[in-house]
Amino acid sequence: MRLIIEARVEDGEARATDATIVAVVERKDHSLAELGLTHAEGRALLAEIQSFLVPEQTAGWMKSQMACHRRGSMLAHKDARSIVL
């Protein structure tokens, strides 16, 4: 049995990203010992989902911060470098 988990981001508008394969879980037999996800598989799945979700959330937040909330005019900014954390 093979379980393929895909992720796709829809932002409420017409734009949606293509589906990205997040994880593939394979099970050879149908024994009770192989039931569900192992702790390591769960942690790996969560890490993959977060690496897919966080950049999308950050881009959406940054886009919402580009205009003044009162007047709607574009805000000036001084720096546009990438920062690695």
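Tabulated results
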item: Sum of side-chain charges, Ala19 neighbourhood, beta-carbon under 13 Å (Lys, Arg +1; Asp, Glu -1); result: -2
item: Using alpha carbons only: equivalent-ellipsoid semi-axes of the chain, gyration tensor based, whole Å; result: 40, 15, 9
item: Most mobile listed residue (Leu46, Leu37, Leu75) in the chain, GNM with C-alpha springs under 10 Å; result: Leu75
item: Order by protection proxy (mean Cβ within 10 Å, highest first), peptides 77-85, 56-64; result: 56-64, 77-85
item: Qualifying trypsin sites (Lys or Arg not before Pro) for region 2-55 [loop in DSSP, other Cβ within 10 Å: at most 12]; result: Arg8, Arg15, Arg27, Lys28
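Where a number appears in this text, it was derived from the coordinates with a stated rule and is not lab data. The structure presented is a predicted model; accordingly, all values stated were derived computationally and were not measured. Using ideal geometry, Cβ is built from the backbone for each residue, glycine included, and neighbour counts are taken over all protein chains shown.
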